[in-house]
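In what follows, a single structure is set out as structure tokens and then discussed.
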Amino acid sequence: MILAILGATRGMGRALARQAAERGDTLVLLGRDLDELERSAADLRIRSGGRAEVRLVRADLDDIGTLAPSVEAAFAAVGRIDAVVVTAGLFGTQDALEADPAFAARLLTVNLSHTVVFCEAARQRLLAQGGGTLCVFSSVAGDRGRKPVGIYGASKAGLSHYLESLDHKYRAAGLVTICVKPGFVKTGMTAGLKPPPFAGEPDGVAKSVLRAIDRGQPVLYTPAMWALVMAVIRRLPRFVMRKVGF
Amino acid sequence: MNRTAAPAEPSKKAPEGTLSGWGRIPLPGSERFGEDLEGLSASADLCRGLGRSYGDSSLPARPTDRVVNTVLADRLLSFDPASGRVRAEAGFSVRELYRVFLKQGWFTPVTPGTSFVTLGGMVASDVHGKNHHSAGTIGRHITALRVRVADGRVIDCSPQQEPELFWGTIGGMGLTGHVLEVELQLEAVPSPWILQESERIPNIDTFLERLEATAHDWPMTVGWIDCVTQGPSLGRGLLMCGRWARPEEAPKAFPRQLPRLKLPFVLPDFVLGPLSVRAFNTAFYWKHIPQKKRGIVHPETYFYPLDAILDWNKAYGKRGFTQYQAVLPKDNARRSARAFLELLTREGGASFLCVIKDCGPEGSGLLSFPRPGVSVALDIKMTDRTQHLIDALNAFVIAEGGRIYLTKDQLTRPEDLRRMEPRLDRFTALRRKWDPQLRIRSAQSVRLLGDPPLPETTP
Ligand SMILES: Cc1cc2nc3c(=O)[nH]c(=O)nc-3n(C[C@H](O)[C@H](O)[C@H](O)COP(=O)(O)OP(=O)(O)OC[C@H]3O[C@@H](n4cnc5c(N)ncnc54)[C@H](O)[C@@H]3O)c2cc1C
Ligand SMILES: NC(=O)c1ccc[n+]([C@@H]2O[C@H](COP(=O)([O-])OP(=O)(O)OC[C@H]3O[C@@H](n4cnc5c(N)ncnc54)[C@H](OP(=O)(O)O)[C@@H]3O)[C@@H](O)[C@H]2O)c1
């Protein structure tokens, strides 16, 4: 399989890229810092026993001008791409985001506007080659307006919405869209936070995401337990949501 | 570039959380995780890896100290399949090394008894394995380090380049600088399986004889001692010798990864009480029915028997435990090993696990633990008497001219360490050369090496 990943340098993207490399996939890594990409590429090549082919392309979600060209460059580097994966994203606690409007604006831009712009370019290229998979990391935080993840959750709610519409509109034309909704996963992103019950590990998430890509599953809650947790949270009445801390 | 999402500066107030080593004796403090070890280390007071050191060596000296956990910095950076030389970030673990490289025909030339250790932790403790008598410590196989020293510089060092910093960092318990990258010479293995021969040993004298005799034929040897039984059978146990199996001896299949269990909660205190320790020791000894056994064993079972239960350290109950490991010099090894066990039984230090191993020549690490002689290691549950027991064992070790292993220590007194460590002054001088204020420090270095207080404000 040929995979392009935006966000493979850290966290769940790193775990995903490793599992893909170890099974012999060809990878295009997209990211904002070429030195970091180079270090990750070396890691992946060694882990694959020298089998995996890894290409690098610069793409910065803070810089809209890099996005469409990076998609072009990725397709040009390997010819055809079976799946484009986006794990890149920003997180901020609700306190930090409320205290700093510039940070809030940046997070909304990176996680929503610019991610959509990147996905639009990928969508066009995937459709142009006759189809493929677009797999994007949203979050359970986008499922319900909740106290601790209001602004971050808004960016992910918008993203989930967009991804669902792609699935409705383009599935018939061969574009498989996968919206990944991780629950709490122990990565650098969440390192300062206290893990709730059912916190996941990047390796477990990566495994389930590769499986979802193989199957073309449109929505993936991971760890799986979070499908249940969110089913309950989505149904809680507002007067309860106003009282509880989550 | 602004790389952090929420640049929450650590507050001046003591954090609510605690950190602990493998012995589960907590101290107030918190740790920062991140892939960008190079960036995080710039303002760190201490680095830690997987927290498999038993005592306080990976814990902060003060609750507000900045401790960086390296486990997310785990990338392989280069590997030469012709020579087996590998370079990785300091948080890369032996668990991953096993998974990635054994199938490629390579393994670490030295491994401790758990795979849940990082390269940085292995370097800082200058770890040894069952092959110490033939392979030395890990330091012998480290070819280069990249170290962030206290003034912020990043120094590449090796036996040729900045050798003093290099050999001080090997076995330096994280106190000379933060290890960012490690270059290691792997060992080519003929197959991924181990050929093991195990043998029942009736008493301590025979044990030392057999350890010495088998060392010539076997690259790996280790003994397990029943340290409950007294009298003529004092020090009975099992001796396990091993080597990598040759291809024609080994199964064709690659060893499957073994399942791992998790202890759901901290076990109540009676579970590892004196009665069960006795029962365990007796059962383990007699389970080995033939006097000698030989066969192929799974490499994980051989190297990492305890890793089968992820958090077995919870078995020691709420107060936690410590490990005592000391090496007794070769000249008197036989007499002093016996005397050590006698002292241990007299002091009631019955232990679930007591491991004995003969050590080869001393490594070049400035504070490296092993030296020619016999090493004894035992887990000790924390009770009101534990401090007394450790003091008594230390008094004995000092009298015999031996020394303790810092990565296991929780309770040794500074004056006792000084008596067993003539190398301390050289080590402190080296630290001061790179870090005049001794800013890089741990709870252990304050407790044991007497680091002077720092001014409250750090930049
Ligand atoms: C079941 C078990 C079996 C063991 N068997 C053996 C054995 O057979 N032989 C043996 O030698 N040891 C053995 N050990 C001890 C273990 O190998 C060491 O304590 C090792 O240092 C643990 O590595 P870690 O990554 O967990 O480091 P930690 O415990 O997190 O840290 C240990 C020390 O290393 C320092 N450190 C860690 N990372 C860095 C870094 N990047 N830069 C600078 N300093 C750093 C810390 O400051 C601390 O002083 C065993 C431990 C257990 C739990
Ligand atoms: N962790 C969780 O609990 C959790 C829960 C729900 C949803 N999610 C979502 O899952 C995804 C992955 O999370 P994670 O925990 O793996 O995150 P992570 O460890 O912080 O990794 C984030 C990745 O995004 C990249 N990135 C950040 N900003 C970028 C930018 N401006 N341009 C290009 N790349 C950028 C980073 O690259 P650099 O190396 O260049 O920094 C890094 O590779 C995110 O979208 C996150 O919102 C996470």
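Every number in this text was worked out from the coordinates using simple rules, so none of it is lab data. Because the structure is a prediction, the values reported are computed rather than measured. Cβ: placed from backbone, ideal geometry, glycine included. Neighbour counts: every protein chain shown.
How much of the DSSP beta bridge set in the stretch B:18-188 is antiparallel, as a percent to the nearest 5?
Percent antiparallel among DSSP bridges in the stretch B:18-188 is about 80.
Charges at C-beta only: +1 for Lys and Arg, -1 for Asp and Glu. How large is the resulting dipole of the stretch B:36-117 about its Cα centre, in Debye rounded to 20?
Result for the stretch B:36-117 is approximately 280 debye, rounded to the nearest 20.
Remind me, relative contact order of chain B in percent, using alpha carbon pairs under 8 angstrom and six or more residues apart?
18
What FRET efficiency do you get for B:His388 and B:Arg335 if R0 is 35 Å and r is their Cβ-Cβ distance, rounded to the nearest 0.05?
Calculated value: 0.90.
Taking Rh as the Kirkwood radius, which is the inverse of the mean 1/r over Cα pairs, what is the Rg/Rh value for the stretch B:319-459?
Radius of gyration relative to Kirkwood radius: 1.00.
From the square roots a ≥ b ≥ c of the eigenvalues of the alpha-carbon gyration tensor of the stretch B:396-437, which class results: rounded (a/c under 1.5), prolate (a/b over b/c), or oblate?
Prolate is the answer for the stretch B:396-437, as a/c is 1.5 or above and a/b outweighs b/c.
So if each residue of separation counts as 0.36 nm, and I subtract the Cα-Cα distance between B:Ser134 and B:Ala315, what length gain in nm does that give?
My answer for the length gained is 61.8 nm.
For the stretch B:414-421, what does the Karplus curve 6.51 cos²θ - 1.76 cosθ + 1.60, with θ = phi - 60°, yield as ³J(HN,Hα) per residue in whole Hz, taken in order and with x for Gly and Pro?
For the stretch B:414-421, the Karplus-derived couplings read x, 5, 6, 4, 4, 5, 9, 10 Hz, x marking Gly and Pro.
So how many Lys-Lys pairs in chain A land under 29 Å Cα to Cα, not counting same-chain pairs under 8 apart?
21
Taking amide H atoms as placed 1.01 Å from N in the peptide plane, list the residues 5 or more away in sequence, or in a different chain, whose amide H sits under 5 Å from that of A:Gly200.
A:Phe184, A:Val185, A:Lys186
Calculate the FRET efficiency for B:Asp205 and B:Glu362 from the Cβ-Cβ distance with a Förster distance of 25 Å, rounded to the nearest 0.05.
0.50
Please find, in a Gaussian network model of chain A (springs between Cα atoms separated by less than 10 Å), the residue of A:Asp25, A:Asp62, A:Asp35 whose mean-square fluctuation is greatest.
Residue with maximal mean-square fluctuation among A:Asp25, A:Asp62, A:Asp35: A:Asp35.
Taking every residue in A:94-104, how many Cβ atoms of other protein chains lie within 10 Å of its Cβ, on average?
Taking the mean over all residues of the peptide, I get 1.
Rounded to whole Å and sorted largest first, what semi-axes of the equivalent ellipsoid does the C-alpha gyration tensor of the stretch B:194-414 yield via the square root of 5 times each eigenvalue?
Taking √(5λ) for each eigenvalue gives 27, 23, 18 Å, largest first.
Considering only DSSP beta bridges where both residues belong to the protein assembly as shown, give the percentage that are antiparallel (nearest 5).
Counting DSSP beta bridges with both partners in the protein assembly as shown, the antiparallel share is about 65 percent.
Across peptide B:67-76, what mean number of C-beta atoms from other chains lies inside 10 Å of a residue's C-beta?
3
For the pair B:Asp425/A:Leu228, report the inter-label distance in nm, with labels modelled 7 Å from Cα in the Cβ direction.
Inter-label distance under the simple model: 6.5 nm.
Summing Lys, Arg as +1 and Asp, Glu as -1, what charge do residues with Cβ under 10 Å from the Cβ of B:Ile25 carry, B:Ile25 excluded?
Every neighbour counted, the sum reads +1.
Output the peptides B:154-167, A:148-161 sorted from most to least packed, where packing is the average of other Cβ atoms within 10 Å over each peptide's residues.
Highest-to-lowest ranking by the protection proxy: A:148-161, B:154-167.
Would you work out the charge dipole size for the protein assembly as shown about its Cα centre, treating the Cβ of every Lys and Arg as +1 and the Cβ of every Asp and Glu as -1, and quote it to the nearest 20 debye?
Dipole of the protein assembly as shown, to the nearest 20 debye: 1780 debye.
Explain nothing, just the number: dipole magnitude of the stretch B:357-412 about its Cα centre with +1 on each Lys and Arg Cβ and -1 on each Asp and Glu Cβ, in debye rounded to the nearest 20.
Roughly 80 debye for the stretch B:357-412.
With each pseudo-label sitting 7 Å past Cα toward Cβ, what's the A:Asp95-B:Ala308 distance in nm, one decimal?
About 4.5 nm separates the two model spin labels.
Which one, B:Ala250, B:Ala399, B:Val189, projects farthest toward the positive side of the charge dipole computed for chain B from Cβ point charges (K/R +1, D/E -1)?
B:Ala250
In percent, what relative contact order does the stretch A:2-243 have, based on Cα pairs under 8 Å that are 6 or more apart in sequence?
Value for the stretch A:2-243: 18 percent.
Hand me the GluC sites (Glu not before Pro) from the stretch B:181-264 located in a DSSP loop with no more than 15 other Cβ atoms within 10 Å, in residue order please.
B:Glu248, B:Glu249
List the lysines whose Cα sits under 24 Å from the Cα of B:Lys293, skipping any in the same chain fewer than 8 residues away.
Straight-line reach from B:Lys293, under 24 Å: B:Lys130, B:Lys252, B:Lys357.
Which value in nm describes the separation of the simple spin-label points at B:Gln257 and B:Ser78, placed 7 Å from the Cα toward the beta carbon?
Between B:Gln257 and B:Ser78, the simple spin-label model gives 2.9 nm.
Using only Cα atoms and rounding to the nearest 10 degrees, what angle (0 to 90) does helix B:204-214 make with the longest principal axis of chain B?
Tilt relative to chain B: about 80 degrees.
What's the longest uninterrupted piece of chain B once you rule out the trypsin sites (Lys or Arg not before Pro) that are loop residues per DSSP with at most 15 other Cβ within 10 Å?
Counting at most 15 other Cβ atoms within 10 Å as exposed, the longest clean stretch of chain B is B:14-152.
Rounded, prolate or oblate: which one fits chain A, using the alpha carbon gyration tensor with axes a ≥ b ≥ c (rounded when a/c is under 1.5, else prolate when a/b beats b/c, else oblate)?
prolate
Find out how many positive minus negative residues lie around A:Val232, taking Lys and Arg as positive, Asp and Glu as negative, among other residues whose Cβ is under 13 Å from that of A:Val232.
Net charge around A:Val232: +3.
Taking the dipole about the Cα centre of the protein assembly as shown, with the C-beta of Lys and Arg at +1 and of Asp and Glu at -1, give me whichever of B:Pro81, B:Ile201, A:Gly145 is farthest to the positive side.
Projecting each Cα onto the dipole axis, the largest value belongs to A:Gly145.
Provide B:Trp312, B:Trp286, B:Trp193 in ascending order of the number of other Cβ atoms located within 10 Å of each residue's Cβ, fewest first.
Arranged by neighbour count, lowest to highest, B:Trp312, B:Trp286, B:Trp193 become B:Trp286, B:Trp312, B:Trp193.
I need B:Tyr54, B:Tyr302 ordered by Cβ neighbour count within 10 Å, fewest first.
Final ranking by Cβ density, sparse to dense: B:Tyr302, B:Tyr54.
Quick one: Cα centre-to-centre distance for the stretch A:119-180 and the stretch B:101-138, in angstrom?
Distance between centres, Cα-based: 45 Å.
So what J values fall out for the stretch B:389-400 if you push phi through Karplus, 6.51 cos²θ - 1.76 cosθ + 1.60 with θ = phi - 60°, rounded to Hz, Gly and Pro as x?
Computed from phi, the couplings for the stretch B:389-400 are 4, 4, 4, 5, 5, 5, 4, 5, 4, 4, 4, 7 Hz.
Name the residue farthest towards the positive end of the dipole of the protein assembly as shown from the options B:Pro109, B:Ala339, B:Gly363, assuming +1 on Cβ of Lys and Arg, -1 on Cβ of Asp and Glu, about the Cα centre.
B:Ala339
For chain B, what log10 I(q)/I(0) values come out of the Debye formula at q = 0.05, 0.06, 0.08, 0.11 1/Å, with one point per alpha carbon and no solvent?
The computed values of log10 I(q)/I(0) come out as -0.17, -0.25, -0.45, -0.88.
FRET efficiency for B:His216 and B:Arg418, Cβ-Cβ distance as r, R0 = 25 Å, nearest 0.05?
My answer for the efficiency is 0.10.
Does the stretch B:411-459 come out rounded, prolate or oblate, given a ≥ b ≥ c as the square roots of the eigenvalues of its C-alpha gyration tensor, rounded meaning a/c under 1.5 and, failing that, prolate meaning a/b above b/c?
Taking the square roots of the gyration eigenvalues as a ≥ b ≥ c, the stretch B:411-459 is oblate.
Could you give the semi-axes, largest first, of the ellipsoid that matches the stretch B:18-188, computed as the square roots of 5 times the alpha carbon gyration tensor eigenvalues and rounded to whole Å?
For the stretch B:18-188, the semi-axes come out at 25, 18, 15 Å.
Within 10 Å of each Cβ in A:179-191, how many Cβ atoms from other chains are there, averaged over the peptide?
Across the residues of A:179-191, the mean count of other-chain Cβ atoms within 10 Å is 2.
Hey, in chain B, which Cys have no second cysteine's beta-carbon closer than 4.7 Å?
B:Cys47, B:Cys157, B:Cys241, B:Cys359
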